[in-house]
């Protein structure tokens, strides 16, 4: 019976130590979770900005190509007119 009581006390002590360790680590874990969530939100925002920038770049590049080919066309038209 004494042996069982000593084992029970030892187990209760272990449980108390575990509870204390969890309570000590809780603020750090909460901060890490907040930091992670903030980082994920920032990544989402930056990804959206990157996608918008890529689309704007693609649109600008398309306009440049259209202008380039239009001027090339005009240049060829001018050569043709000068030929006649």
Rg [Å, one decimal], Dmax [Å, integer] - the chain, C-alpha atoms
35.4, 119
With a 10 Å cut-off between alpha carbons and a GNM built on the chain, which of 54, 12, 41 moves the most?
12
How compact and how long is the stretch 1-41, expressed as Rg and Dmax of its alpha-carbon atoms in Å?
17.6, 58
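All of the numbers you see were taken from the coordinates with simple rules; none came from a lab. This is a predicted model, so every value here is computed, not measured.
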